[in-house]
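The values are calculated or read from the model by the stated rules, or taken from the named source; none is laboratory data. Please read these numbers as outputs of a predicted model, since none were measured by experiment. Because the Cβ atoms are built from the backbone with ideal geometry, glycine has one as well, and the counts that use them run over all protein chains shown.
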Amino acid sequence: MQTLRQSGAEIIDVRTYQAYADAHIPGSLSIPLREVFATWLGWLVPSPATPLVIVRDPDQDPEEVLWQARKIGYERLAGELTDALSAWTAAGHPLASTRVSTPAAADPATVVDVRQAAEYAPGHLPGAVNIELGALSRRWADLSGHDVVLMCGHGERAATAASLLERVGISDVRILAGGPQDWADAGAGRTLQVNS
């Protein structure tokens, strides 16, 4: 795995955002396996020539990963880890983790909403900054030195955002479990802000 990484391979973690948060290979890119996996793979790994190493849970279908990658021209699947990272740790390599915040505990003053502008405008946390996930790699310097809570609609894109920030050395990040409505439903008079 280390040899593959040194030769330019990307480690793509397709597990759930919670599994990624609990433990992941440092520097891996979280893109949870779902219907839009291929979209985010193509957006975040710009070259189809990049060798990919997939980290997945045993119950995730390897054929689904392969099909989604190949349908956008990503055919250099160089390997996979399917054993909950035990081979990685058995080889003496460290794991990283990312904190997850519940909607009740999130501080709206530190929230970065990575949804698209059209999703953000109808309802978002008061004071949340909107930086679309696809633009995060160009705007990460704006977040350096801040304790950042990343949010989307459910947690998947927030985990991807966390993995991107952790790769550039911003480690004080949290993933918000859920989305803006979950935050509003947490009570204490919370209402969503709407752009007019």
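I need the full set of residues from segment 67-110 which are within 21 Å of LEU41 (Cβ to Cβ), at pLDDT 90 or above, assigned to a loop (DSSP other than H, G, I, E, B) and within 21 Å of the chain's Cα centre (by Cα), in order please. Selection gives ILE72, TYR74, THR98. Would you confirm, using the coordinates I've provided, whether GLU64 is free of Cβ contacts under 8 Å to residues at least 60 places away in the same chain and under 15 Å from SER28 (Cβ atoms)? The answer is no for GLU64.
In this structure, LEU125 does not qualify as hydrophobic (A, V, I, L, M, F, W, C) and under 30 Å from LEU85 (Cβ atoms). Under the condition of being modelled with pLDDT under 80, of a type in the set (A, V, I, L, M, F, W, C) and within 13 Å of HIS124 (Cβ to Cβ), the residues counted in segment 182-193 number 1.
Within segment 111-127, being part of a loop (DSSP other than H, G, I, E, B) and under 18 Å from the mean Cα position of the chain (by Cα) holds for VAL114, ARG115, GLN116.
The single condition among (1) in the same structural domain as GLY134 (by TED's automatic domain parsing); (2) surrounded by 15 or more Cβ atoms within 10 Å (Cβ to Cβ); (3) touching a residue at least 40 places away in the same chain (Cβ under 8 Å); (4) farther than 21 Å from GLY169 by Cα that GLU119 does not meet is (3).
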